[in-house]
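Asks: This is the structure I want to talk about, given as C-alpha cells.
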Amino acid sequence: MIKLRVNQQGGAIVLVLIVLLVLSVLGATFMAIALAETQQVSRQKKAMQAYYLARSGADATAEDIINNSNDKFRDSLERPPWTTIISTDNPLAQGTFNVSVVFQNNSIVINATGFVPDPPRSPVSATARLRLHDLQSRAITAVNDLDLTNLSTLQGDVESTSGTVTGRPRHFWHQPNNIYQNTRRSLPAVTPPSLPNYNSGAASPTPHSFVVPNNEIQSIPGSFTYQDIIVNNGGVLRFNTSGGDIQIVVRGVFDIKGGFEIIGNNRVHIILNTPAGATNVIKTSDNNNNNRSDQLFLFLTDRVNLQVKTGARDFSGHIYAPQGYVTLGSNAIVRGSVTGNIFSAFGNPSVFHEPLLFTPPGFPDLIAGESRYWRGNWE
C-alpha cells in the first residue's frame, strides 16, 4: 500500500494570512471608527465654538443698539422704512460671525451665525437669536403688585417687575395676551433735561406758567421749563413739531381739562418734574386731536402722581413713570402704554397697547443715559 505524505506547512501559512487579514480589517475598522468619533467630537466642539461665536456677535450687536453707539443700527431702526442690517465676516477668536438685524413683531431681532474653520471640509456653523424689546413693550408695567380687577378692557401684555399680577379685566374677551410676574427687570429712572426757563414777558430767574383759557387754542412757545401748564375746559394745547421734536419740563402743576394737538410728524416729550406727592391730571375733551400714540410721551420723575380721566376723547400716548404713581379712572381710555412704580385703576378704565414702531430720538437722554431697549431671552 502506498502512503502519501501531505505537507501541512502551506496550510498553516494560509491560516496565518487569513488571521492577519481579519485582524487588519478589524484594526482598520476600529481605526476608522475612532477617527470618525474623533472627527465627530472635534466638529461638536467646533459647533459649540461656533454657537458661542454667534452669541458673542449677537451680544456685541445688542450692545451697539442698546448704547446707541452704532449709527448704522440706530439710523436704520429709528424710522421707517426699516431695512435688514447685515454684517458679514466679522473676525472673532478662532472664527468669524455674520449678523442681521431686523424689526419684527414690534421688537428688534438679532440673528447671528458663527463659523469655525474645519479644513478640508466646510466650516462648522451655528446660529443664535436674541430679541430686544422696548420699554413700552407692555400695555401696563408696574414695579409693585399689579391688580387688573377694576379695568374694563385690556389689550396687550402686562408685567410686574417685582411683584405679582392679580385679577382680570371685566370684559372677558379682552384679556391680557401674556402676564409676566416678578421679572426682576430694572426700569431706568427719568432724568429731566436742562432747558431754559419760559418767560412770558420780562426776564425772570424762575419759569413762568402757560395757561390756555376756556375753549381757546394756543401753541406752546417751545422747548422750555415751565412752572405750570394748565388747559382749561375746552381749550387745546397745540404743539407744532414741524421744526423738530419738542421737550418741555413742568415744575409745578400739569392740569389738562381740554385736549392736545400735535402738528407735524415729530414727537413731544413732556417731563413732569413736579413736587413729590402733587397730583397732575389729564382729562381730555372733544377738542383732543392727538390720535397718534407714537408722538406723545409723558415722563414722571420720582414720586410724581398722574391721574388720567379721559373725557369725550381717548388719550393717545405713552406714560413712563418708573418711580411715580399712575392712576386711571372714570372710564379713561389710554391708547399706548402705561409704566408706573404703582399702578391703580377705578371706574372701569381701559388700556389698548399700541407699541412703538421706532426709537424716539432723545429718549435715552431722559432716562439717565440708558437705552429704551432691553434684552429678551435667547431663542
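No lab work stands behind these numbers, since they all come straight from the coordinates. Only a predicted model underlies this, so the values are computations on that prediction, with no experimental measurement involved. Using ideal geometry, Cβ is built from the backbone for each residue, glycine included, and neighbour counts are taken over all protein chains shown.
Asks: What FRET efficiency comes out for the pair Asn150/Thr279, r = Cβ-Cβ distance, R0 = 22 Å, nearest 0.05?
Replies: Efficiency, from the Cβ-Cβ distance: 0.75.
Asks: For the range 289-351, compute Rg over Rh where Rg is the Cα radius of gyration and Rh is the Kirkwood radius from the inverse mean 1/r over Cα pairs.
Replies: Radius of gyration over Kirkwood radius for the range 289-351 works out to 0.95.
Asks: Something else now. Based on the Cβ-Cβ distance of Arg303 and Ile86, what FRET efficiency does E = 1/(1 + (r/R0)^6) give at R0 = 56 Å, to the nearest 0.05?
Replies: 0.75
Asks: Only Cα pairs under 8 Å and at least 6 apart count here; give the relative contact order of the range 84-160 as a rounded whole percent.
Replies: Relative contact order comes out at 20 percent.
Asks: Now for a separate question. Any number yet on Rg/Rh for the range 140-378, C-alpha, Kirkwood?
Replies: Here the Rg-to-Rh quotient is 0.96.
Asks: Same structure again: So how much slack lies between Arg129 and Asn377, counting 0.36 nm per residue of separation and subtracting their Cα-Cα distance, in nm?
Replies: Gain in length upon complete extension: 88.4 nm.
Asks: Oh, and also: Provide the packing ranking of 45-52, 56-63, i.e. peptides ordered by the mean count of other C-beta atoms within 10 Å per residue, highest first.
Replies: 56-63, 45-52
Asks: Any idea how far apart Glu37 and Phe346 come out in nm if each label point goes 7 Å out from Cα toward Cβ?
Replies: Simple spin-label model gives 7.3 nm for this pair.
Asks: Sort 132-140, 347-355 for me by packing, meaning the mean count of neighbouring Cβ atoms within 10 Å per residue, highest on top.
Replies: Taking the mean over residues of other Cβ atoms within 10 Å, the ranking is 132-140, 347-355.
Asks: Would you work out the relative contact order for the range 140-378, in percent, from Cα pairs under 8 angstrom that are 6 or more residues apart?
Replies: After rounding, I find 17 percent.
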